[in-house]
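J.: One structure follows; several queries about it will come next.
Any read-out appearing in this document is the output of simple, stated calculations on the displayed coordinates, not a laboratory observation. Keep in mind that this is a model prediction, so the values were computed, not measured. Here the Cβ positions follow ideal geometry from the backbone for every residue, glycine too, while neighbour counts run over all protein chains shown.
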Amino acid sequence: MNSFFHLTESFSLISSKHHGGKCYYFSTNKSSWTKSRDDCRAKGGDLVKIDSREEQEFLRKKVRRIMKDHEDKFWIGLTDSAEQGRWLWVDGSPLNESLSYWKDTEPDNWGEDDCVMMGDKGDRYQKSWSDTSCKVSRRSICEKPAAKGQNKTVCVIFL
Ligand SMILES: [Ca+2]
Ligand SMILES: [Ca+2]
């Protein structure tokens, strides 16, 4: 795939003055959290930041469909590597507690887990995040704002 975003399903883009559209790339290869982030940035995006319940639901359902097995989870752009327990998104903003979707026993910092992955094949509920070692190779979700004229993208507008 040469293009950043390849078409895996179609979404209708609806213009809105107040909400920007977002495009996502779900990687097929697996890398560490840092390498995954570098790869997203090299493509003009970054690891995904989840800003709303709608976005969490969209991503959770999408990931559940494309996970190959229960361990096939995806990196998102959230880490506490700078300071234990202080969760920051890749843009430097702190995690909003009301928009946190940790699984029930997470985050547990087990083995000094500092990076966040999402995905649960069997989960019918909203919570799907876990902290885990940043060094493990996983698939990842890149995000960038929707641009005009992008046709072959996985883009969605949250109204
Ligand atoms: Ca940690
Ligand atoms: Ca954990």
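J.: How big is the dipole moment of segment 20-97 about its Cα centre under a simple scheme where the beta carbon of each Lys and Arg is +1, that of each Asp and Glu is -1, and everything else is neutral? Debye, nearest 20, please.
T.: Dipole size: approximately 380 debye.
J.: State the antiparallel share, in %, of DSSP beta bridges confined to segment 21-157, rounding to the nearest 5.
T.: Antiparallel: roughly 90 percent of the beta bridges in segment 21-157.
J.: Something else now. What distance in nm lies between label points placed 7 Å from Cα along the C-beta direction at Ile66 and Ala42?
T.: Here the answer is 1.8 nm between the modelled labels.
J.: Turning to a different aspect of this structure: Put +1 on the Cβ of every Lys and Arg and -1 on every Asp and Glu Cβ in segment 21-157; which of Asn29, Asn96, Gln84 then has its Cα farthest towards the positive end of the dipole?
T.: With unit charges placed on the Cβ atoms, the residue in question is Asn29.
J.: Could you put Trp110, Trp129, Trp102 in order, starting from the residue whose Cβ has the fewest other Cβ atoms within 10 Å?
T.: Final ranking by Cβ density, sparse to dense: Trp110, Trp102, Trp129.
J.: For segment 55-99, state which GluC sites (Glu not before Pro) are in a DSSP loop and have at most 10 other beta carbons lying within 10 Å of their beta carbon.
T.: Glu83
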